[in-house]
Amino acid sequence: MIHVKHLHKSFRVHVRQTGWLEAIRSLLNREYRLVEAVKDISFTIEKGEIVGFLGPNGAGKTTTMKMLAGLLHPTSGEITVGGFVPFEQKTEFKKMMSLVMGQKSQLIWDIPPMETFLVNKAIYEIDDRTFQQTLDELVELLELAPLLDKPTRSLSLGQRMRCELAAALLHRPKVLFLDEPTIGLDVHTQEKVRRFIVDYNREHETTILLTSHYMGDVTALCDRVMIINHGTLIYDGELDVLTEKLAPYKRLEIRFANIPAVPWENYGEIVEIEDGKATLRVAREKVAEVSSHFLQHFHVHDINIQDPPMEEVITRAFQEGFNDS
Amino acid sequence: MIRKYIALLRMKYVEMLAYRLATIVWMTGAIVQPLITMAVWMNIDPSQSDAFLFYFMAVIFVERMTSAWDVWELDREIREGTFSNYILRPLHPIHWAVAENIVYKVLFLVILAPVWAVAALFVPALRFDMTGGQTLLFLMALLLGAALRFLLSYICGLLGFWITKVTAVYGVLEVISLFLSGRIAPLSLLPPVLQQWSIFLPFRYMIGFPIDIITKAANSHDMLQGFAIASIWIVVFVIALRWIWKAGLKKNQAVGG
């Protein structure tokens, strides 16, 4: 569905100096610097896949996504999305895709979301019956009924984001680009949005590419992740493999009535030992053994086994690289 | 396309209702400058008071009917990145602007025309008689004027792809147009050189030309020439707009995350 080959994007950026004298000098003699935002990225996404696009701020995620949606003109390289070259701005292309930007609303600010929906209905040439069906479905899934007639500006961020998704899906796009769809949302709303995306993908076999800062989004939604840093694709593969490769440990938290005096280092790497609580980093294959040992021999209040936070995994990925992938 | 326009017009109408107060302020605010200018001219030459009264009332009407604000909108939308949402949709963004112009100008017409009619009952200087043909010519000139101002404003707005705060550039054009369009003074009062220039520049056809038709200052030769030059400018602007749109999309940085 999406094919990208040797994609490059560079921007010419005016170098600004601080200070009065420098500012005057730069008026006369502007200096430019070429910033390579995306360097030689290639990948393929099949129909119906949900792929997470990860990377720190400024890594090139959004730039890539904007090129896929046809907003930016690539400096070089090839892109096809559903057989179209995005930048040619063909009407058929626009009708088969949607881009949702968490920070740039397509809803018209001072009037109710329903007005935007009606405009989209006309612009995307959706017939009455399909429109009604799609709208009913989206209203139900996203719980929009009470929001449709309120001015967009009076909606909360989470409510607006749900309307935003609906506006983007009315024409039933085959490809959906989600740029930070859960940014700024509370945990509960994030959860709702995620569940909706998963259900929607299953129901309609929509191909979805998603960027996010929240690892929760990625772990909940994507089997496959692409990690980009400094404009280069450094990992493209299954999420599980990534986790195992980068974090062959689990985090074990045990609460005791009285913390025992045992040689903790024999069980795993010590993260923290404090009043009544021990936190260890234990090799994956030893987790079951270690936890049952403590449960059998000591008075344990509570035990908690967790994957290391994805943030930690990713940070490590950026630091250590992916030489073997 | 008609369905799309119906939807856009409806939406812009709902939006306008949400901005009731702003719309009223915006409409009445624009009246102040011509009124003051009129007072100045009446003071300079009291014998022509009636002519100035009629002229500047016509300026108010024509100026409102041809006013263009698109450069401000585009400047903001491109700078803040929200313009991307229009580029993504399968309809050229200019249609949103055209629909908005239609809605607001119909509102202006619905308010200003009856106000004029009522005022003419009490103020003889506001009365005029025009044949059907003249009225038609006036309306055509008005439409051309509105199209010219709209296109110029939209073209300048699209320069926002290259320049941040492009409204500064437009501000300069507005000042030039203030003189050459006949807003400050009837064009017949300008120095001959400027009068000569104004014939070939687009600004006259934005405001002064329709007024010349309604005041019967333009004879049939002037009108023929006026319509021809205005039409040429329309073609020039449309070509420029298409070119700038294409080049602008390439240049677009789709700012913001």
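Please compute one quarter of the surface area of the Cα convex hull for chain A and express it in square nanometres.
Mean orientational projected area (chain A, Cα hull): 23.3 nm².
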B:Ile199 to B:Ile24: FRET efficiency via 1/(1 + (r/R0)^6), r the Cβ-Cβ distance, R0 35 Å, to the nearest 0.05?
0.45
Please say if the range A:248-306 is rounded, prolate or oblate, where rounded means a/c under 1.5 for a ≥ b ≥ c the square roots of the C-alpha gyration tensor eigenvalues, and otherwise the choice is prolate for a/b larger than b/c and oblate otherwise?
prolate
If you roll a 1.4 Å probe over the heavy atoms of the protein chains, what accessible area per residue do you get for the protein assembly as shown, in Å²?
48
Using Cα springs under 10 Å in a Gaussian network model of chain A, which residue among A:Thr130, A:Thr189, A:Thr18 shows the largest mean-square fluctuation?
A:Thr18
Violations at 24 Å Cα threshold for listed pairs A:Lys90/B:Lys105; A:Lys94/A:Lys192; A:Lys66/B:Lys246; A:Lys61/A:Lys174 -> A:Lys90/B:Lys105; A:Lys94/A:Lys192
Rough spin-label spacing in nm, given labels placed 7 Å along Cα→Cβ, for A:Ile270 and A:Glu92
6.8
Given the options A:Ile183, A:Ile79, A:Ile259, state which has the largest fluctuation in a GNM of chain A using a 10 Å cut-off (strictly under) for Cα springs.
A:Ile259
Volume in Å³ per residue [convex hull over Cα atoms, computed for the protein assembly as shown]
225
First measure r as the distance between the Cβ atoms of A:Phe11 and A:Thr219, then evaluate 1/(1 + (r/R0)^6) with R0 = 22 Å and state the FRET efficiency to the nearest 0.05.
0.10
Within 10 Å of each Cβ of B:11-18, how many other protein chain Cβ atoms are there on average?
5
Label-point gap, in nm, between A:Leu27 and A:Val262 - each point 7 angstrom along Cα→Cβ
7.3
Can you list which of the chymotrypsin sites (Phe, Trp or Tyr not before Pro) found in the range B:159-257 are DSSP loop residues with at most 15 other C-beta atoms within 10 Å?
B:Trp162
Using DSSP to define loop residues, name the trypsin sites (Lys or Arg not before Pro) in the range B:195-257 whose beta-carbon has at most 11 other beta-carbon atoms within 10 Å.
B:Lys216
Who wins for biggest fluctuation among A:Leu165, A:Leu34, A:Leu118 in a Gaussian network model of chain A, springs between alpha carbons below 10 Å?
A:Leu34
Calculate, for A:Lys47 and A:Lys277, the FRET efficiency according to 1/(1 + (r/R0)^6) with r their C-beta to C-beta distance and R0 51 Å; round to the nearest 0.05.
0.60
Which whole-angstrom value gives the distance between the alpha carbon centres of the range B:82-110 and the range B:1-30?
10
Kirkwood-Stokes translational diffusion coefficient of the range B:2-80, alpha-carbon pairs, 10 °C, 1.306 mPa s, µm²/s:
103
Reachable lysines, given that their alpha-carbon falls under 19 Å from the alpha-carbon of A:Lys245 and they are not under 8 places away in the same chain:
A:Lys286
Using only the Cα atoms of the range B:174-228, each taken as one equal point scatterer with no solvent, compute I(q) by the Debye sum, divide by I(0), and report log10 of the ratio at q = 0.28 Å⁻¹.
-1.23
On alpha-carbon atoms, Rg over Rh for the range B:2-251 using Kirkwood Rh?
0.97
If you add up the charges near B:Lys216, with Lys and Arg at +1 and Asp and Glu at -1, over every other residue whose beta carbon is less than 12 angstrom from its beta carbon, what do you get?
-3
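The values are calculated or read from the model by the stated rules, or taken from the named source; none is laboratory data. As the structure is a prediction and not an experimental result, all values here were calculated from the model. Don't worry about glycine lacking a Cβ; one is built from the backbone with ideal geometry, like all the others, and counts go over all protein chains shown. Only protein heavy atoms, including side chains, enter the accessible area calculation; ligands, DNA and RNA are left aside. Shrake-Rupley method; radii C 1.70, N 1.55, O 1.52, S 1.80 Å.
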